[in-house]
Amino acid sequence: MIKGSKRVACIGSGLVGQGWAALFAVNGYNVVLQDITEEKLEEATERTAHHINTLVNAGLAKGIEEAVTRLSSTTSLEEALNGADFVIESVFESLEVKCPIFAEMDRIAPANVVLASSTSGFMMSDIAKDMELHPERAIVAHPWNPVHLVPLVELSPGEKTSQGTVDLTYRIMEDIGRVPVVLKKEVLGFIANRLSAVLWREALDLVDQGVASVEEVDKAIRAGPGIRWAIMGPYLTYHLGGGKGGIEYIMRHIGVKKAKWLETAATWTTQPESVVQKAVDGVDDMVGATALEELEAKRDEYLIALNKLLWDGKSGVY
Ligand SMILES: NC(=O)c1ccc[n+]([C@@H]2O[C@H](COP(=O)([O-])OP(=O)(O)OC[C@H]3O[C@@H](n4cnc5c(N)ncnc54)[C@H](O)[C@@H]3O)[C@@H](O)[C@H]2O)c1
């Protein structure tokens, strides 16, 4: 299918659906955007064209005109799936919304069509629970925002997902320049969102406890671990932090001392009300009157530079 008929249906055309659509279009796939109203589709087509423009102007893809002509849209799920070889769902993060859509897509699409979900944290087995025909073709393909500029896609198969579905989805993700990782078993939030959730809880708590301001927390991450994380994950980072003793030294000595810090770290699982206003006020203080569009444009400029520096055919530190 990769170099064959190449038609992809993007079900749900919000922030994430638009990013997927741009990526598939610049990589030569015909893309149909689907959503619940014509207004949403108009906006989605415009935003997708903008992302295509960004990728082409950045030198990360070729041919704006050509890619834009590969886009079409419809409010009909049936029409969107007609002739589609691969489907990526990106509707609201709710099982009440996703489950019936997967059950319906299972009835409409031929058995060999992979049905992938962009869900941020649900398990595929839960999303696919009402699929009666071919649950083996359902898989989570979790991207990161902005989808067209962050390479990672986490693939999380459900209990019934076939190896063929995993392999095909992996190849398609590579074909559109993504960096797929595959989970060995299902877990809520996958790899990177689970790690983010723990860091985010502590970031909120440090501000809530009056240890540091929002601006200082953001700066500490950006200038410290963040600059390393762009090139190495936590394991390699600590291996190099252990000097000649490597990871084992870190684990047996410094790692033990770190355990003490965890005794005073946040452990809540329900977000306390007190963190909300402090986060909102802190971000207001930090960004001032700078418009969201301006912040996004700056973010994208750096992400483009990092994509070229770190991911354009490079294999990384290890
Ligand atoms: N925003 C992120 O950072 C991010 C990152 C990775 C994954 N995700 C996941 O991607 C999915 C979409 O997130 P988003 O940020 O694009 O949300 P969004 O609100 O921007 O877009 C969701 C779209 O789905 C449409 N929709 C709702 N019900 C529908 C239906 N029955 N049929 C067709 N379209 C329908 C909505 O009209 C809307 O346009 C969610 O599961 C989310 O968790 C989000």
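If you go through region 129-179 one residue at a time, how many are in a strand (DSSP E or B) and touching a His at 6+ places or on another chain (Cβ under 6 Å)? Qualifying residue count, region 129-179: 1. Only one entry of Gly316, Gly288 meets the criterion of being under 28 Å from His148 (Cα atoms) and in contact (Cβ under 8 Å) with a residue 24 or more places away in the chain, and that entry is Gly316. Would you call Ala203 in a helix (DSSP H, G or I), within 16 Å of the ligand (Cβ to nearest atom) and either surrounded by 17 or more Cβ atoms within 10 Å (Cβ to Cβ) or modelled with pLDDT of 95 or more (or both)? For Ala203, the condition - in a helix (DSSP H, G or I), within 16 Å of the ligand (Cβ to nearest atom) and either surrounded by 17 or more Cβ atoms within 10 Å (Cβ to Cβ) or modelled with pLDDT of 95 or more (or both) - is not met.
Tell me, yes or no, whether region 30-43 has at least one residue that is within 23 Å of Ile108 (Cβ to Cβ), away from the ligand (no atom under 16 Å from the Cβ) and not in a loop (DSSP other than H, G, I, E, B). Yes. Sub-6 Å Cβ pairs linking a first residue in region 203-230 that is farther than 18 Å from Thr264 by Cα to a second residue that is at pLDDT 95 or above and surrounded by fewer than 14 Cβ atoms within 10 Å (Cβ to Cβ), at least 6 apart or interchain, are Val214/Val283, ordered by first then second residue. If I filter region 156-170 for residues that are among the hydrophobic types (A, V, I, L, M, F, W, C), crowded, with 23+ Cβ neighbours inside 10 Å and either more than 13 Å from the ligand (Cβ to nearest atom) or touching a residue at least 24 places away in the same chain (Cβ under 8 Å) (or both), do I get at least one hit? No, every residue in region 156-170 fails to be among the hydrophobic types (A, V, I, L, M, F, W, C), crowded, with 23+ Cβ neighbours inside 10 Å and either more than 13 Å from the ligand (Cβ to nearest atom) or touching a residue at least 24 places away in the same chain (Cβ under 8 Å) (or both).
Looking only at residues of region 182-197 that are among the aliphatic types (A, V, I, L, M) and part of a loop (DSSP other than H, G, I, E, B), we find that the one that is farthest from Ser120 (Cα to Cα) is Leu183. Residues of region 135-193 that are more than 22 Å from Lys314 (Cβ to Cβ) and among the acidic types (Asp, Glu): Glu136, Glu159, Asp167, Glu186. Inspect region 130-151 for any residue being at pLDDT 95 or above, assigned by TED's automatic domain parsing to the domain that holds Leu23 and small (Gly, Ala, Ser) and give the result as yes or no. Yes, some residue in region 130-151 is at pLDDT 95 or above, assigned by TED's automatic domain parsing to the domain that holds Leu23 and small (Gly, Ala, Ser).
Scan Lys308, Lys298 and give me the residue that is within 24 Å of Ala58 (Cα to Cα), exposed (fewer than 13 other Cβ atoms within 10 Å of the Cβ) and under 20 Å from the mean Cα position of the chain (by Cα). Exactly one of Lys308, Lys298 is within 24 Å of Ala58 (Cα to Cα), exposed (fewer than 13 other Cβ atoms within 10 Å of the Cβ) and under 20 Å from the mean Cα position of the chain (by Cα), namely Lys298. Can you confirm whether Phe92 is among the aromatic types (Phe, Trp, Tyr) and buried (at least 17 other Cβ atoms within 10 Å of the Cβ)? No; evaluated as a whole, the condition is false for this residue. Only one of the listed residues (Ile247, Ile231, Ile304) is of a type outside the set (Gly, Ala, Ser) and in contact with a His (Cβ under 7 Å, 6 or more places away or on another chain). That residue is Ile247.
With respect to (1) of a type in the set (A, V, I, L, M); (2) under 22 Å from Leu303 (Cα atoms); (3) free of Cβ contacts under 8 Å to residues at least 60 places away in the same chain, the lone exception for Val256 is condition (2).
The values are calculated or read from the model by the stated rules, or taken from the named source; none is laboratory data. Quantities reported herein were computed from a predicted structural model and do not represent experimental measurements. So basically every Cβ, Gly included, is an ideal-geometry build from the backbone, and we count neighbours across all protein chains shown.
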